[in-house]
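Only one structure is covered here, and it is reproduced in the block below.
Here, each number is a calculation from the coordinates, and none is a lab measurement. Everything numeric in this text was worked out from a predicted model, so none of it was measured. We place every Cβ from the backbone using ideal geometry, glycine too, and count neighbours over all the protein chains shown.
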Amino acid sequence: MPELPEVETLRRDLEARVLGRRITSCAVSADAPRLVQLVTRDEFCRQLRGRAIAGLRRRGKYLIVDLDDGRAWVIHRRMSGNLLYRAPDDAPDAFTRAVFGLDDGHELRWTDLRKFGTMWLVEDATMVMESLGPEPLDAAFTPGVLRERAGRRSAPVKAVLLDQTVLAGMGNLYADEALHHARIHPLRPANRLRAAEFERLHAGILAALRMGIEGRGSSLGTTLRDHINLDGAPGASQETVRAYGREGEPCYACGTLMRRIKVRGRSSVFCPRCQPAPRAGRGATAARRKRAAPKRRPA
Ligand SMILES: [Zn+2]
């Protein structure tokens, strides 16, 4: 599923290929009823046609295409949305839901197996985005900022990392990676983490996201990829992940077999040795032993 590194990779590729290009045609398939938000497909295309691409930004998992009329074309890829840069006579791409013609003779094809992806055309991109937390790759994002935003939450740290209002751009894969880097169990309550652990978690978040961007994103699924790049090629980050999807395989740091648990409904893979269980859990076990002990004594 596209997260910050996959959207950032797309942003960079688009900047290199389509910045300054004019959109000459627009066609959105009727079989993607959720794709265009706020207006009809026809109205969306009428407003987009003739506009030039003036800039490309990213906020969290949102891609923001700035248009020459000052409006923003906001795109959220959700589960499986991809943009591909193709020549019109290139072979058709499976699950193409929309095609945007460009004045260089190429076209951008929007493919989306699951059809959860969404697009908006708005005056101001912030109108359609939820209230997002800081950008983890900004210089202003420090361990102190992370602690301030996450440290008041009693929820499991894994769930807090996925909360876009706490921190923008993290998803299941990079959150598992960040926690493994930081040697923090996914069920640890965020407000119980010590300052040194926030330092490690901050470093882990940056390491995981940078790994993702360097590998041009993670493409999971062998035939139906959830992320492919602008040129149609898969990313390679899934080959360097340390936690996500590695249940039952040895931890790269210590060799212990990785385990999988559900945290607030989301699958989470961790190393039981490098990422020890929350203190509360160990304390409860100790308390149970204490309570059980007197009964054994008389016998
Ligand atoms: Zn380990």
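3J(HN,Hα) along region 111-118, derived from phi through the Karplus expression 6.51 cos²θ - 1.76 cosθ + 1.60 where θ = phi - 60°, amounts to 10, 7, 4, 8, 6, 9, x, 9 Hz, with x in place of Gly and Pro. Taking the Cα centre of region 4-127 as origin and assigning +1 to Lys and Arg Cβ atoms and -1 to Asp and Glu Cβ atoms, the resulting dipole is close to 400 debye. Taking θ as phi - 60° and the Karplus parameters 6.51, -1.76 and 1.60, the scalar couplings of region 23-35 work out to 8, 9, 8, 8, 9, 10, 6, 5, 7, 10, x, 8, 4 Hz in sequence order, x denoting glycine and proline.
On full extension, the segment bounded by Asp68 and Ala203 gains 44.8 nm, given 0.36 nm per residue less the C-alpha separation.
Couplings 3J(HN,Hα) of region 49-64, computed from phi: 4, x, 7, 9, 8, 9, x, 9, 10, 9, 9, x, 9, 8, 9, 10 Hz, in residue order, whole Hz [Karplus 6.51 cos²θ - 1.76 cosθ + 1.60, θ = phi - 60°; x for Gly and Pro]. A simple packing score, the average count of other Cβ atoms within 10 Å per residue, orders the peptides 76-85, 151-160 as 76-85, 151-160, with the highest score first.
Protection proxy ranking of 48-55, 200-207, 260-267, by the mean of other Cβ atoms within 10 Å over each peptide's residues and highest first, is 200-207, 48-55, 260-267.
Less than 5 angstrom separates the built amide H of Val263 from those of Ser268, all sequence-distant by 5 or more or on a different chain. Take the Cα of Arg57, go 7 Å toward its beta carbon, and the backbone nitrogen atoms of region 161-192 under 20 Å from that spot belong to 164-170. Working from Cα pairs under 8 Å separated by at least six residues, relative contact order for the chain is 17 percent.
Taking Cα centre as origin and charging only the Cβ of basic (Lys, Arg, +1) and acidic (Asp, Glu, -1) residues, the dipole magnitude of the chain rounds to 2960 debye. Multiplying the residue separation of Asp103 and Arg152 by 0.36 nm and subtracting their alpha-carbon distance yields 12.6 nm. Given axes a ≥ b ≥ c from the Cα gyration tensor, I'd like to know whether region 4-127 is rounded (a/c under 1.5), prolate (a/b larger than b/c) or oblate. Because its axes are fairly even, with a/c under 1.5, region 4-127 counts as rounded. Straightening the chain between Ala139 and Ala236 buys 32.3 nm, computed as 0.36 nm per residue apart minus the Cα-Cα spacing.
The simple spin-label model puts a point 7 Å past each Cα toward its Cβ; for Asn191 and Arg114 those points are separated by 3.2 nm.
In this simple spin-label model, placing a label point 7 Å from the Cα along the Cα-to-Cβ direction at both Arg273 and Ser25 gives a separation of 6.0 nm.
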